[in-house]
Amino acid sequence: MLASSLAFTHIVTERFLRYVAIDTQSDPASPTCPSTDKQKDLGRLLASELRAIGLQDAHLDAHGYVYATIPANTDKKVPVICFCSHMDTSPDCTGKDVKPQIVRNYRGGDIVLPADPAQVIRAAEHPALADQIGNDIITTDGTTLLGADNKAGLAEIMDAAHFLVHNPQIRHGAIKILFTPDEEIGRGVDKVDLRKLGADFAYTMDGETAGNIEDETFSADGATITIEGVSTHPGFAKGKMEHAIKIAAAIVDRLPKNTCSPETTEGREGFLHPISISGALERATLGFIVRDFTDAGLKAKEALLEGIVKEVMKGYPRSSYRMEVKPQYRNMKQVIDRHPEIVDHAMEAIRRAGLKPTKTSIRGGTDGSRLSFMGLPCPNIFAGEHAFHSRLEWVSVQDMEKAVQTIVHLAMIWEERA
């Protein structure tokens, strides 16, 4: 079937507005999976809607994952592909009682959010708005995040599934659907059952600008520095006390000021980022995340950090430190480059949806980062979300519709080229 002959009827916006009404914020302090039981509220709804579409195996498992299959309708042997999005929203900003608004036929300029006029989506600070003239922009009222990260992806996959099931003339192989919990706290695939999923390749729908496909992520480590100071009574401390909190503060103060931090880097530049500091006189702990696109870059930044620590510790000869580095995820490009057809097919699908494909890198990670190294190569396709993790989050209706079309075309292309 020619791409131009597809007649899309979208209800992706209605789905999206239904999903953002459900609070699914994850909790990094929780030991459970999912970290918050309320994520299952959305999972149950999604599984029910998938069954209503006709996907009989759709279900929510005990760990909060939703699985479903769109059966193949072709005699060809086609690789099984999966579309994946996450159900949770970021702990950085509340997602309770989301009240979305739709700015119809956006004409440019700033968007003032109605419940808190201090919250303004400024055109100068959000250059992607320049591409949205005439489109419909969904925002919040300014009191919560929106949840487009990643409920836009959920709605797009659901809309595409509905379209494929109700248009059996579109030939495709078996398509798997996976919705995950806890992606925002780095645990999105901790309990995924890849054997049950049964996919050969996957795509996360969790990217930003329409037309983008991301085949590369940061590589990521976490670093913890524990300082053992010297405690004594403060009234008799001269020449004796070595304060662990002050040592920790000195380490933070020695970090590079004009480079190697999130606020001073862009593109393919990595960074060292302190994310926590705690303790008392005798012992203090510093937490860092370390990011770079190469393993060598990670090691260089970790060496820089330890060099700073050692230099600071020279001033505290009776104190000691311990530095522990834990791998978090690795650049998925190392895996995806072995299967160039995954990205090639996606770029063609984006073209057929009427967009110019752009291959980019993510200054972060997705479920696809870990899935790729678990044996399921998984680049990331745009979902249209912008300014995520904040009250200024927004998404375009038309971009979500283009994402739905991209998914459908991608299913077709895998069958055509099998």
When you look at ALA115, is it under 15 Å from ALA387 (Cα atoms) and open to solvent by 50 Å² or more (accessible area, probe 1.4 Å), yes or no?
no
Taking into account only those residues within segment 120-150 that are more than 22 Å from TYR19 (Cβ to Cβ) and either at pLDDT below 95 or part of a loop (DSSP other than H, G, I, E, B) (or both), which is most open to solvent (accessible area, probe 1.4 Å)?
GLU125
If you take the residues in segment 80-102 that are open to solvent by 40 Å² or more (accessible area, probe 1.4 Å) and not basic (Lys, Arg), which one is modelled with the lowest pLDDT?
ASP92
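Here's the yes/no breakdown for (1) closer than 28 Å to ASP182 by Cβ; (2) among the small types (Gly, Ala, Ser):
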residue: HIS339; (1), (2): yes, no
residue: GLY364; (1), (2): yes, yes
residue: SER369; (1), (2): yes, yes
residue: SER396; (1), (2): yes, yes
residue: VAL408; (1), (2): no, no
Can you tell me which residue among LEU17, LEU46 is open to solvent by 40 Å² or more (accessible area, probe 1.4 Å), in contact (Cβ under 8 Å) with a residue 24 or more places away in the chain and in a helix (DSSP H, G or I)?
LEU17
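If a residue has to be outside any helix (DSSP H, G or I) and either within 30 Å of PRO379 (Cβ to Cβ) or open to solvent by less than 40 Å² (accessible area, probe 1.4 Å) (or both) to count, how many in segment 324-335 make the cut?
8
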Look through segment 171-200, keep the residues that are under 19 Å from LEU46 (Cβ atoms) and part of a helix (DSSP H, G or I), and return whichever of them is farthest from the chain's Cα centre (by Cα).
LYS196
Which of the residues spanning segment 229-254 are touching a residue at least 24 places away in the same chain (Cβ under 8 Å), of a type in the set (D, E, K, R) and open to solvent by 50 Å² or more (accessible area, probe 1.4 Å)?
ARG254
Scanning segment 59-76 for residues that are touching a residue at least 40 places away in the same chain (Cβ under 8 Å) and either crowded, with 21+ Cβ neighbours inside 10 Å or assigned to a strand (DSSP E or B) (or both) gives GLY64, TYR65, VAL66, TYR67, ALA68, THR69, ILE70
Give the residue, chosen from ILE225, ILE170, ILE157, ILE177, that is touching a helix residue (DSSP H, G or I) at 6+ places or on another chain (Cβ under 8 Å), surrounded by fewer than 20 Cβ atoms within 10 Å (Cβ to Cβ) and among the hydrophobic types (A, V, I, L, M, F, W, C).
ILE170
Return the only residue of GLY95, GLY153 being in contact (Cβ under 8 Å) with a residue 60 or more places away in the chain, part of a helix (DSSP H, G or I) and within 19 Å of the chain's Cα centre (by Cα).
GLY153
Quick one: LEU272 ticks every box in (1) crowded, with 16+ Cβ neighbours inside 10 Å; (2) under 23 Å from TYR316 (Cβ atoms); (3) in contact with a Ser or Thr (Cβ under 6 Å, 6 or more places away or on another chain) except a single one, so which number is it?
(3)
Which one is nearest to SER219 (Cα to Cα) among residues in segment 299-314 that are of a type in the set (Asp, Glu) and open to solvent by 30 Å² or more (accessible area, probe 1.4 Å)?
GLU306
Run down ARG351, ARG338, ARG370 and say which single residue is in contact with a strand residue (DSSP E or B) (Cβ under 9 Å, 6 or more places away or on another chain) and open to solvent by 20 Å² or more (accessible area, probe 1.4 Å).
ARG370
Filter segment 350-370 for residues that are at pLDDT below 95 and of a type in the set (A, V, I, L, M) and give the result.
ILE362
Residues that are open to solvent by 70 Å² or more (accessible area, probe 1.4 Å) and in contact with a strand residue (DSSP E or B) (Cβ under 7 Å, 6 or more places away or on another chain): does segment 288-298 have at least one?
no
Every residue in segment 143-194 that is of a type in the set (S, T, N, Q) and closer than 28 Å to PRO28 by Cα, please.
THR143, THR144, ASN150, THR180
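The values are calculated or read from the model by the stated rules, or taken from the named source; none is laboratory data. Every value quoted in this text rests on a predicted model; they were computed, and no experiment measured them. Ideal geometry is used to build each Cβ from the backbone, glycine not excepted, and the neighbour counts take in all protein chains shown. The area values use the complete protein model at the heavy-atom level, side chains included, leaving out ligands, DNA and RNA. Shrake-Rupley method; radii C 1.70, N 1.55, O 1.52, S 1.80 Å.
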